[in-house]
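This report concerns only the one structure given below.
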Amino acid sequence: LLGAGASFLSRENTTPPASDTDARIAYYQTRLGGRGSYPAYARLGLAYLQKARETGQSRYFVEAEKYLRTSLQYQTNYEALLGLGSVLAARHEFGEALRHAQEAAGAMPGSLEAQGLLFEIHLAMGDVDRASAIAEKMVSAGPSFAALTRVAALREYRGDLAGAAQAIEQT
């Protein structure tokens, strides 16, 4: 009984996570444990990707990649493919990022996240025609924030700042 009480008291003295992202990282770290936990590895990788975006610290991209690749070693899955594509795109490793984004889009063709990632990679690689086709496909699915921000990015890339602002105003 004393041991259980001491354990409870020690939990009270722990510092709470600094953010929702930190809480997700802590949560998924406790869920890891082999092949059957591939979703936890993917979600931990996604949480580290979010942490990298929030802080701008590249060490979190390294952690994200590690857990996303581990998830994919256990089981090919949409979350890990999309996350790894995002990590690699952020590091400008567009060739490999494109392969993962295409596989994610193949797994979930209606995913605006996967289509958006494909758009961003193609635009970054200078394939404006392909990026434009993806943006049109996204808009045809319905005007959404994801679609209209890609339209704005495409217009800005082409030098049409007024058109870019117009697309943003529609969001």
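The values are calculated or read from the model by the stated rules, or taken from the named source; none is laboratory data. Remember, predicted model here, so these are calculated numbers, not experimental data. Note that each Cβ is placed from the backbone with ideal geometry, even for glycine, and that neighbours are counted across all protein chains shown. To get the accessible areas, we keep the full protein, side chains included, count just its heavy atoms, and leave off ligands, DNA and RNA. Shrake-Rupley method; radii C 1.70, N 1.55, O 1.52, S 1.80 Å.
I need to check one value: relative contact order of the stretch 67-110, counting alpha carbon pairs closer than 8 Å and at least 6 residues apart, in percent. Don't jump to the answer; show the numbers that get you there.
Values: 40 pairs, mean separation 15.9, N = 44.
About 36 percent, as a whole number.
Neighbours of ASP22 by Cβ distance under 10 Å: Lys/Arg scored +1, Asp/Glu scored -1, total 0.
Remark: the stretch 118-135, residue by residue, has Karplus-estimated 3J(HN,Hα) of 4, 4, 4, 5, 4, 5, 5, 7, x, 8, 5, 4, 5, 4, 4, 4, 5, 4 Hz, where x stands for each Gly or Pro and the curve is 6.51 cos²θ - 1.76 cosθ + 1.60 at θ = phi - 60°. Once the Cβ-Cβ distance of ARG31 and ALA162 is raised to the sixth power relative to R0 = 41 Å, the FRET efficiency obtained is 0.25.
On the protein heavy atoms, probe 1.4 angstrom, tell me the percent of accessible surface of the chain carried by carbon and sulfur. If you can, show how the numbers build up before the last one.
Numbers: 5090 of 9580 Å².
Roughly 53 percent of what the probe reaches on the chain is carbon or sulfur.
With a 1.4 Å probe and every protein chain left in place, work out the accessible area per residue of the chain in Å², rounded to a whole number. For the chain, the per-residue accessible area is 56 Å².
Set the Förster distance to 41 Å, then compute FRET efficiency between MET125 and GLN75 from the Cβ-Cβ distance, nearest 0.05.
Details: r = 29 Å, r/R0 = 0.70.
Here the calculated transfer efficiency is 0.90.
By the equivalent-ellipsoid construction on the alpha carbon gyration tensor, the stretch 16-88 comes out with semi-axes of 19, 15, 8 Å, ordered largest to smallest. Sorting the Cα pairs of the chain by distance into bins of 10 Å, from 0 upward, gives 10, 30, 30, 18, 7, 4, 1, 0 percent per bin.
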